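The values are calculated or read from the model by the stated rules, or taken from the named source; none is laboratory data. Model, not experiment: these values are computed from the prediction. Cβ coordinates were reconstructed from backbone atoms using ideal geometry, including for glycine residues, and neighbour counts include every protein chain displayed. SASA here: full protein model, heavy atoms, side chains in, ligands and nucleic acids out. Shrake-Rupley method; radii C 1.70, N 1.55, O 1.52, S 1.80 Å.
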Amino acid sequence: MEPLTTSEALEKPAIRIESHLGEAEERSLAEDVLDGLTRPFKELPPKHFYDSRGAELFDRICELPEYYPTRAERTILTQSADEIARLTAAVELVELGSGTAAKTRVLLDALHTAGTLRRYVPVDVTESMVRACARELTGEYPGLEVHGVIGDFERHLDRVPPATGPRIVAFLGGTIGNFPPGSRRRVLREIAHLLGPGDHLLMGTDLVKDPNVLEAAYDDAQGVTAEFNRNVLRVLNRELDADFDPDDFEHVALFDREHEWIEMRLRSRREHTTLVRELDLCVHFDAGEELRTEISAKFTPERLEGDLATAGLSLVRWLTDPDGLFALTLSRRAELS
Ligand code: SAH
Ligand code: TRP
């Protein structure tokens, strides 16, 4: 092959985006809905919240006075980004559930300043966010390559490109807490397999605290979280030709003290039946019946370290904010270190 001329080399595209969503994804929504809405205790998995309206509402949640996790995690990142950059010497940052990558910039700044950063790999189910963030970040960080992966981090981790040097895999925002304990272990183990020797996982987890503080964070005074919760019904109306009236459902957020997780539910205000046309499915709701839409697990240091160990990970740094609200953990594959 001819060597690249300078101008061709300069034109090497800084952005590459691959989408792994398609028919299989639509099937996955249909299967999740059929499975979840025909159970004795109705349930929907949380990844279907994030269409473009859901993503916008989530952004607004992050700004709410009651929703402390985003601010606490940003504080920790700001305090520790230089240390993380030094410890990892990372040339690339892979981020699972990257969203708008707002807090990620703190880390990218530190890696950029340290002079090691070459590539950012955002992985998210929401196509518009991966594209927007690739565009913005290549503008903000000269020389940065962005390889976006539009996909489901439960199914497409094998599509994350091979490492080009020491990497950080970031999983921020407490998203790991949105999996029930069994899936959480499976997901963590799969994430651990993205790490080679010298690579690190940087994970954000919310910590157990006063239930009033927790419940307020998921049930804000302005009702943004309620709207976000009900948005999943609009997704079903659009994607599966269902006829939910979101106003038939009340937003519920409560802290389950036994499991130490927040549960988000939609409570039917009246007895009614909904039709999901694309699935030929009639779903009956009693008055007061609840549909579980999300859990958000809150961690203690012991439990978190246990979960990491089960996934073959060992803790390198435990980082928290001055109020001890939230934790960032830096860990690496135990058998490789
Ligand atoms: N990391 C950001 C956003 C957290 S919100 C922050 O800390 O603020 C969770 C993000 O994960 C959303 O952007 C959502 O689109 C994405 N997401 C949720 N489930 C997903 C899945 N199964 N696969 C890939 N992305 C997912
Ligand atoms: N990962 C976030 C969390 O568990 C997701 C989230 C925040 C969320 N607020 C929400 C999900 C409200 C559903 C509804 O904190």
| task | In whole Å, largest first, what are the principal axis extents of the Cα atoms in the stretch 195-289? | result | 51, 37, 27
| note | Using the Cα gyration tensor of the stretch 219-337, the equivalent ellipsoid's semi-axes, largest first and to the nearest Å, work out to 38, 18, 13
| request: In a Gaussian network model over the chain where Cα atoms closer than 10 Å are linked, find which of 196, 97, 174 has the largest mean-square fluctuation. | output: 196
| field | Mean Cβ neighbour count within 10 Å, used as a protection proxy, ranking 18-30, 318-330 highest first | value | 318-330, 18-30
| To the nearest whole percent, what portion of all C-alpha pairs in the stretch 58-136 is separated by more than 22 angstrom? | 27 percent
| query | Carbon-plus-sulfur fraction of the accessible area of the chain, 1.4 Å probe, in percent? | reply | 50 percent
| field | the stretch 94-173: mean projected area of Cα convex hull, nm² | value | 4.8 nm²
| message | With 26 Å as the cut-off, how large is the P(r) tail for the stretch 98-234, expressed as percent of Cα-Cα pairs? | response | 32 percent
| query | When every alpha-carbon pair in the chain is counted, what percent end up more than 25 Å apart? | reply | 54 percent
| note | Out of 98, 48, 81 - ranked by how far each Cα lies towards the positive end of the dipole of the stretch 41-101, with unit charges on the beta-carbon of charged residues - the top one is 48
| Nearest-ten-degree value, helix 224-240 long axis tilted from longest Cα axis of the chain | 80 degrees
| message | With a cut-off of 8 Å between alpha carbons and a minimum separation of six or more residues, what is the relative contact order of the chain in percent? | response | 20 percent
| said: Treating only the Cβ of Lys, Arg, Asp and Glu as charged (+1, +1, -1, -1), what charge dipole size does the stretch 183-296 show about its Cα centre? Round to the nearest 20 debye. | reply: 440 debye
| note | Helix 127-140 sits off the longest principal axis of the Cα atoms of the chain, rounded to the nearest 10 on a 0 to 90 degree scale, by 30 degrees
| Is it possible to state the helix-based mean residue ellipticity at 222 nm for the chain, with each DSSP H run of 4+ residues giving -39500 (n - 2.57), the sum divided by total residues, to the nearest 500 deg cm²/dmol? What is it? | -11500 deg cm²/dmol
| query | Taking the Cα atoms only, what angle lies between the long axis of helix 68-88 and the longest principal axis of the chain, rounded to 10 degrees? | reply | 20 degrees
| request: Note down the nm distance, to one decimal, between modelled labels 7 Å out along Cα→Cβ at residue 60 and at residue 256. | output: 2.8 nm
